[in-house]
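The values are calculated or read from the model by the stated rules, or taken from the named source; none is laboratory data. Note that the coordinates shown come from a computational prediction; the quantities given were computed from them, not determined experimentally. Neighbour counts run over all protein chains shown; Cβ positions are idealised from the backbone, glycine included.
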Amino acid sequence: MSDSDSVWTDGIVPDFPVITGLHSTELERLKLIVVKGTVTKTNLTFNELQRLGRSSKGLVHDDVRKFLWPKLLRLPDEELNMLGEDLESVHKLIDDEIYQQILKDVARSGSHMPEDTSEDAMEKFHKELTQIICWVLSRHPELNYYQGYNDVAATVLLVMGLHQGLHVLEKISLTFLERFMEKTMEKVNQELFYIFALLDREHPKLLEHLENVELFPHFALAEYTTWYAHKYAENRKLLHRLFDFFLGSPPLIPLYLSTKIVAYRDKEIFNTTPDMGHTHKVLSTLPDDLPFEKLLFHSTKLYQQYPPESIDNDVRDFDYRRRRKEQEWRNKTEAIRLERERQRKLKVSRTQPRIPYRLKSYKTITVVTILAIGLYAFLKSSSGLN
């Protein structure tokens, strides 16, 4: 399907969800009216739907998201309503070592639920989260689980519910997350340098500062691979709005958002102790009060100004320099290790002979002493006989 295709098959528009008890701002209520007026048009296109997800406040409400996320992903209704296989035993279809890691990560996913969640509700959430992850992995053996995937899955589960969530998570995984689920993260490591290539155009002074402290853009890895679902698990309103934006945008757009966030925090970065450790710590910790609507808007503009294909060569160049620097670090580490080993062996070689040498000297002294005493006794006894 192309972006200009109609969302509604045969021009038949499903009923728009009835939103009750909406606690929102006036701007959000107005946006909800716009969303309803737009999506109930018989000739609604995918391009228009994507713009709704990207535009200010996104799709506003989780009931609307449950209605429209499958459409953003272009999931057919018949596929969306298919029940999954036996979910109680689906974990048996994946490697046990992976399953055990999933269980550990799911157990740490409680921050996606309110603090007052009952024990039974939390247990149900953990069970369904495990099932939805295992179901996707069992259907696609080529996809490799990574830590953070559980946060994406949790967000989908909370909006879509278990059965529809199966297909939504599957489509997100195949369309947006596939690179993160390869056997290695090498491709992802290279993609992170879109941040540096963009900073080179947007804020070269800041890029120079980051390079001077020998920092790579891997501080953004968690945000990129989880769509901020780990950082903002407790802020559902913001997190779900970010998913609206990402689902209506190209797969690399999170890197453009990361670039805008880094540039926005330039004063904080410049005022940080200029070394790798302190700078990485600052950039790995996102504030809770970032002006996201403004940042999302400018991320889209940045993407239009510098689409990925226009900066691909720079990205590869940055990544080449990264690999060269990492090799230098490895060589330096190996040289230090070899020098320590040489010093250790030298120390051992110097200390080992001392004990045998002294023992040998002691033996010589002892023998000489015994001979001297013996000779003295002999001479004395000889003089006595005379």
Got a number for residues in the stretch 282-308 being surrounded by 13 or more Cβ atoms within 10 Å (Cβ to Cβ) and within 22 Å of HIS230 (Cβ to Cβ)? 10
Could you check the stretch 129-230 for helices (runs of 4 or more DSSP H) lying wholly inside it with 3 or more residues that are acidic (Asp, Glu)? none
Looking at (1) outside the structural domain of PRO141 (by TED's automatic domain parsing); (2) at pLDDT 95 or above; (3) within 20 Å of ILE172 (Cα to Cα), which one does SER56 not meet, given that it meets all the others? (3)
What pairs come out if I take residues in the stretch 14-25 that are within 13 Å of VAL60 (Cα to Cα) and pair them with residues that are in a loop (DSSP other than H, G, I, E, B) whose C-beta lies under 7 Å away, six or more apart or interchain? ILE19/HIS61; LEU22/HIS61; SER24/VAL60
So which residues in the stretch 10-25 are at pLDDT below 85 and surrounded by 10 or more Cβ atoms within 10 Å (Cβ to Cβ), if there are any at all? GLY11, LEU22, SER24
Is at least one residue of the stretch 88-107 assigned to a helix (DSSP H, G or I), of a type outside the set (A, V, I, L, M, F, W, C), modelled with pLDDT under 95 and surrounded by fewer than 19 Cβ atoms within 10 Å (Cβ to Cβ)? no
With the condition kept exactly as written, say whether any residue in the stretch 68-81 is within 26 Å of SER299 (Cα to Cα) and not in a helix (DSSP H, G or I). yes
